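Chemist: The structure's right below; bear with me while I get my questions together.
Read-outs throughout are calculated quantities, based only on the coordinates presented, and are distinct from any laboratory measurement. Note that the structure is predicted; figures quoted are calculated from it, not measured. Ideal geometry is used to build each Cβ from the backbone, glycine not excepted, and the neighbour counts take in all protein chains shown.
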């Protein structure tokens, strides 16, 4: 029988083998073997990248697809293709992947930080008005931790004001946002194939666009005689089978999240960043949870190591940009209270466990329960 004592205090682990790793899919191995057999892995252009770009276009219903070395390069290239120049303002959420902040600086522009929507901790569609009034030329909109930004509202406001939109879908490939594939709402969309992503080749990314003139500008920016920072043929080889199975994997993760949501609803102080899921398809690279430390009985600094001791891949979210970056490097229209809230209280659960069965979801919930029921002892042990 599994002990009710937290592993942090010497009890049994919820996951004795530790956090699950990404699935070792035999389809990926067979694709690699095929590339080895025909020596296409060592080619500049053996057709695998072209085939992948075609498949991405079909999957995302995007007429223009350009692969590259990373999602971050995809954002930087998109900014330049939209005409961003040194000194321009680019809006983005104050709670955001830091690479997007740095991509703005790499283009010579300055980030304008936008607060979050308290309902789901995504970029606030109401605060987009403030960014437009401040003179932002482009807004970067990310879908983070399983939540969805309100793209219909954001796109309408930006279109009316002549503001470009880059939609960062690096965390949610295959998601459907308000009836459209994530990454296809904006002037550009960006995907990432980084080492821990839902579809991965260790590194890599892709730029999506439905506007041929923008896609051509991005293509030219990625040329230096040959392609600048391209995706390799062997990376394309491993991505194709993952993309073919992405919808199935996202459906499994969604089912696990729904199970986990029901179980965690019984635990005070742990809530989902999005309280309910609609008919859209969500994708979960990191599942976002809100911690109310007073209700739960532990602060985040104690809770995370206690859960990690259980073998649960739980961590803190991003550091909010207005907290972690020098104030000389960004602008805002005033306080950013929801971003500060996310900075202090965001928890993220890594996605591989969501491909497991209901028993694993029970184990996660039980781990939260164990730690909460021994909160005072955990706190004393942590701070001793």
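Chemist: I want to make sure I understand the PRE zone here: with the label point 7 angstrom from the Cα of residue 216 toward its beta carbon, which residues in region 44-77 have backbone N atoms less than 11 Å away?
Modeler: Taking a point 7 Å out along Cα→Cβ of residue 216, no residue of region 44-77 has its backbone N under 11 Å.
Chemist: Still on this structure: State, to one decimal in nm, how far the label point of residue 255 lies from the label point of residue 119, with both points 7 Å from Cα in the Cβ direction.
Modeler: 2.9 nm
Chemist: Let me make sure I get this right: for region 246-383, a, b and c are the square roots of the gyration tensor eigenvalues over alpha carbons, sorted descending. Under 1.5 in a/c it's rounded, otherwise prolate if a/b > b/c, else oblate. Which is it? Mind dumping the intermediate values first?
Modeler: Values: a/c = 2.01, a/b = 1.16, b/c = 1.73.
Oblate is the answer for region 246-383, as a/c is 1.5 or above yet b/c matches or exceeds a/b.
Chemist: Is the shape of the chain best called rounded, prolate or oblate, per the rule: a/c under 1.5 gives rounded, else a/b larger than b/c gives prolate, else oblate, with a ≥ b ≥ c the square roots of the Cα gyration tensor eigenvalues? Before the final figure, lay out each step's value.
Modeler: Numbers: a/c = 2.05, a/b = 1.27, b/c = 1.62.
Oblate shape, in that a/c is at least 1.5 and b/c is the bigger or equal ratio.
Chemist: Right, another one. Evaluate E = 1/(1 + (r/R0)^6) for residue 366 and residue 51, where r is the Cβ-Cβ distance and R0 equals 51 Å; express this FRET efficiency to the nearest 0.05. Each step should come with its number before you reach the end.
Modeler: Details: r = 45 Å, r/R0 = 0.87.
FRET efficiency, residue 366 to residue 51: 0.70.
Chemist: Calculate the spin-label point distance for residue 382 paired with residue 295, positioning each point 7 Å from the Cα along the beta-carbon direction, and give it in nanometres.
Modeler: 1.8 nm
Chemist: Going by Cα centres, region 1-56 and region 87-118 are how many Å apart?
Modeler: So the separation of the two Cα centres works out to 32 Å.
Chemist: Can you give me the distance in nm between label points at residue 85 and residue 160, each placed 7 Å from the Cα along the Cα-to-Cβ direction?
Modeler: Once both label points are built, they end up 2.8 nm from each other.
Chemist: Take the Cβ-Cβ distance between residue 224 and residue 275 as r, set R0 to 45 Å, and report the resulting FRET efficiency rounded to the nearest 0.05. All intermediate terms of the calculation are to be shown ahead of the outcome.
Modeler: On the way: r = 48 Å, r/R0 = 1.06.
In this case the efficiency is close to 0.40.
Chemist: For residue 326 and residue 59, FRET efficiency with R0 = 35 Å and r from the beta-carbon atoms, rounded to 0.05? Display every interim value, and only then the final one.
Modeler: Details: r = 40 Å, r/R0 = 1.14.
Between residue 59 and residue 326 the formula returns 0.30.
Chemist: Under the rule a/c < 1.5 gives rounded, and otherwise a/b versus b/c splits prolate from oblate, where does region 26-156 land using the Cα gyration tensor? Could the numbers behind the result be given before it?
Modeler: On the way: a/c = 2.69, a/b = 1.97, b/c = 1.36.
Note, shape of region 26-156 comes out prolate.
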